[in-house]
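Down below is the structure, laid out as structure tokens.
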Amino acid sequence: MTTTAKKRERGQPWVYVVLAGGLVVLVGPFVWMLLGSVKPDAEIRRVPPTWLPEAPTLDNYRHLFTELDFPAFFLNSVLVAGAVTVGNLVFCSMLGYALAKLEFPGRRVVFALVLGMLMVPGMVTFVPLFMLVSRLGLVDSYAGLILPWLASPFGVFLMRQFMTGLPDDLIQAARVDGAGELRIFARVVLPLCGPALATLGILTFLSSWNNFLWPLVVAQSEDRYTLPVALALYAIGENNTRYGLLMAGSVAVIVPVLLVFVALQRHFVQGIATTGLK
Amino acid sequence: MRHWRHATAVVAALALGVTGCGRDDGGPGAGGPSAGGAVAEGKATGEITVWAMGAEGEKLKALADDFTRENPAAKVTVTAFPFDAAHDKLATAIAGRQTPDVSMMGSTWMGEFAKTGALDPTPAGLFDQAAFFPGAWDTTVVDGTAYGVPWYVETRLIYHRTDLAAKAGVGKPANWQELTAFARGLKEAGGAKWGISLQPGGTGAWQSFLPFAWQAGADVLADGKFTLDTPQMRTALEYYASFFRQGLAPSQVAPGAQESGFVSGDIGAFVSGPWHMSILREQGGAALEGKWDVAPMPREKAGTSFIGGAGLVVYRDTDNRDTAWKFVRYLTSPAAQQKLYDLVGSLPAVTATWQSGKLADDPLLKAFGAQLADAKSPPAMATWEQVADVIDDGIERVVRGVTDPATATREMQAKASAIGTGS
């Protein structure tokens, strides 16, 4: 964006009106959840709804930390989402580098394969994947929760697109200086991929952190439950939902993600701008 | 949400397909004996895993402890999992052959999961069928074979505002004509905006509608064929839609609006299960106390209501079949049923439990107990979720005035027949 464009936009108040409208739509539900987490269930369910809690209470949070083994579920979530994120960063950038910068027979085929996998919806492969994991004896293990998601076609695609834009000369220069491929990858290419890595990291972490169906199916004892599964277990009944507990739990689930995002935000925005991808 | 419904469909379809061809080792296949083999006498031994959903799942641990005290050589591991997506979890576990020994089973899923061949038929002579509510026992029977037993039940009654009814001078409705008059009275003389709230369509509307169909003498299935276009079914749909046409029932109910409307007096009555007792007490507080009651379903040709709840099933892949069934038998003993009620408030499926204590004394609970004797569930079939979608859609079209009841029932019959019962 050029400076003149920036100036022109700043001069037009309607832009701010539109932005404010968007902000309300985006932040509204979040604020509702925050406020709801300190209301009793009866008040949450009331129609017409109240915005500000009439009698703020921390009961929902107390239930969250006494009824649930919150630290254990939290740790499971951190472990699974953390391992999946690290795996994606390592493997997707490796494959992305190979596809972007190395000449080898079958490169186009591999890339086409990655694109193909990108187009298969996860629902279709869900049960076969579970059967695979079950035959490997990984049901109800951390490995079963983590292994299938260690690399994603989307991540490979993202990294490959980003790395294609890096100048070949840099890599050539490193090669001339006698660096091996691994060294080039680790010391020259990766440091230049900050924005893409941040994007991939945050997207992977988010989807793994929020994942519900896979951990629900694979974890067969409560010791392996991640936060979303545990929260659903305690808050959602057959005919009755404990909205207060659900909202308090959702706040507790979202806060760590928010922290990750705030920490990586600068890179994240840059990453999207560079790759033209979301 | 739509997203997940598709996922459910895919998972279920795959589970059915996969296990349908893969399960060929041992055990009777389709058309096998109508009961499983006997279970050995004596104390239970060895380990079993049990899956249960929601609050019942959490409390099941206390019941399992009682069981292992009586059977010291047995060990029961209970895993609770969420009601949300419970269906997907069971379907995937069956597909991947990672089933537990025992699990809880939603009463309307029995047909679908029994068809996968993953469930063990109920052993002959282990349970006394007469000890359970008949409508509850029927939910476990698929093509003449019982798979598992009912564990807890729920049924639907007419919650209504007694203060508004008194103002209008109307009493608990005994038949359809009186129910219409009742709703009209609550609205016109009682001052409610809506006389009664009924589900106008959408997922699960069939649960609200089918009781009226049964009351009219209609049924979903007869001799293995759908009977959705009988004159009785038309009458029922006509009657159901009349509440909306006459402006007695709101054709749009926002989530949560029903309870709020009832508390504020805007809605005079609604049809729901026992869980609404605690919701109303909590949400209505002191202001609503003594101002509401429940009424049994109106009696036309019958006074039938809907029965729901959950059963307990044993999986065929179990390594410890005897202990699994003994645990199920223990859970359906009157003492354990009483304890389940005390712990979570789930209504016992065993009638003997209703003879004493709060279940026999509390007038509201007694009303549920009485209705349970005349409550049923649609026949267990593998394709029920799809057929239910067709019925939901038919109800909605008639309520919105898009089609007339005659056309709607004809369409429902045609679509349901095309889907089939899956047997």
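The values are calculated or read from the model by the stated rules, or taken from the named source; none is laboratory data. Please read these numbers as outputs of a predicted model, since none were measured by experiment. Here Cβ is always computed from backbone atoms with ideal geometry, including for glycine, and neighbour counts include all displayed protein chains. Protein only, heavy atoms only, side chains kept; ligands, DNA and RNA dropped before computing areas. Shrake-Rupley method; radii C 1.70, N 1.55, O 1.52, S 1.80 Å.
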Counting only residues that are within 14 Å of chain B (Cβ to nearest Cβ) and aromatic (Phe, Trp, Tyr), the stretch A:9-37 contains a total of 1
Of the candidates A:Val80, A:Val25, A:Val90, A:Val84, the one satisfying the condition of being within 30 Å of A:Phe185 (Cβ to Cβ), open to solvent by 30 Å² or more (accessible area, probe 1.4 Å) and under 28 Å from the mean Cα position of the chain (by Cα) is A:Val90
Counting only strands (runs of 3 or more DSSP E) entirely within the stretch B:226-314, those with at least 1 residues that are hydroxyl-bearing (Ser, Thr, Tyr) are B:269-272, B:305-314
Considering residues that are in contact with a Phe, Trp or Tyr (Cβ under 8 Å, 6 or more places away or on another chain) and part of a helix (DSSP H, G or I), the number found within the stretch B:209-223 is 5
Within the stretch B:272-305, of all residues that are touching a Ser or Thr at 6+ places or on another chain (Cβ under 7 Å) and more than 13 Å from chain A (Cβ to nearest Cβ), the one surrounded by the fewest Cβ atoms within 10 Å (Cβ to Cβ) is B:Asp293
Expected single match for closer than 21 Å to A:Val253 by Cβ and modelled with pLDDT of 90 or more among A:Leu64, A:Leu35, A:Leu58 is A:Leu35
Inside the stretch B:143-171, the number of residues satisfying the requirement of being more than 14 Å from chain A (Cβ to nearest Cβ), closer than 23 Å to B:Asp101 by Cβ and open to solvent by less than 10 Å² (accessible area, probe 1.4 Å) is 3
Taking the stretch B:63-101 and keeping only residues that are in contact (Cβ under 8 Å) with a residue 40 or more places away in the chain and among the β-branched types (Val, Ile, Thr), one is left with B:Val76, B:Thr92, B:Ile94, B:Thr99
With respect to B:Ala174, is the statement that it is crowded, with 16+ Cβ neighbours inside 10 Å and in contact (Cβ under 8 Å) with a residue 12 or more places away in the chain true? no
Flagged in the stretch B:177-205 as open to solvent by 20 Å² or more (accessible area, probe 1.4 Å), touching a residue at least 40 places away in the same chain (Cβ under 8 Å) and assigned to a helix (DSSP H, G or I), in numbering order, are B:Glu178, B:Thr180, B:Arg184, B:Lys187
When restricted to A:Arg187, A:Arg160, the only residue part of a helix (DSSP H, G or I), basic (Lys, Arg) and open to solvent by less than 70 Å² (accessible area, probe 1.4 Å) is A:Arg160
*Looking only at the stretch A:194-213, decide whether some residue is under 23 Å from A:Pro148 (Cβ atoms), free of Cβ contacts under 8 Å to residues at least 24 places away in the same chain and open to solvent by less than 10 Å² (accessible area, probe 1.4 Å).*
no
Taking the stretch A:134-149 and the residues there that are in a helix (DSSP H, G or I) and within 20 Å of A:Val86 (Cβ to Cβ), the one that is nearest to the other protein chains (Cβ to nearest Cβ) would be A:Gly144
The number of residues in the stretch B:262-316 that are aliphatic (A, V, I, L, M) and within 30 Å of B:Pro121 (Cα to Cα) is 5
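Table: residues versus (1) surrounded by fewer than 24 Cβ atoms within 10 Å (Cβ to Cβ); (2) within 14 Å of chain A (Cβ to nearest Cβ).
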{"residue": "B:Ala62", "(1), (2)": "yes, no"}
{"residue": "B:Ala74", "(1), (2)": "yes, no"}
{"residue": "B:Thr77", "(1), (2)": "yes, yes"}
{"residue": "B:Thr92", "(1), (2)": "no, yes"}
{"residue": "B:Pro100", "(1), (2)": "yes, yes"}
{"residue": "B:Ser107", "(1), (2)": "no, yes"}
Within the stretch A:223-245, residues facing chain B (nearest Cβ under 9 Å), open to solvent by 30 Å² or more (accessible area, probe 1.4 Å) and closer than 19 Å to B:Val78 by Cβ come out as A:Tyr234, A:Ile236, A:Glu238
In the stretch A:38-69, anything more than 14 Å from chain B (Cβ to nearest Cβ), of a type in the set (A, V, I, L, M, F, W, C) and more than 14 Å from A:Leu246 (Cβ to Cβ) is listed as A:Trp51, A:Leu52, A:Leu58, A:Phe65
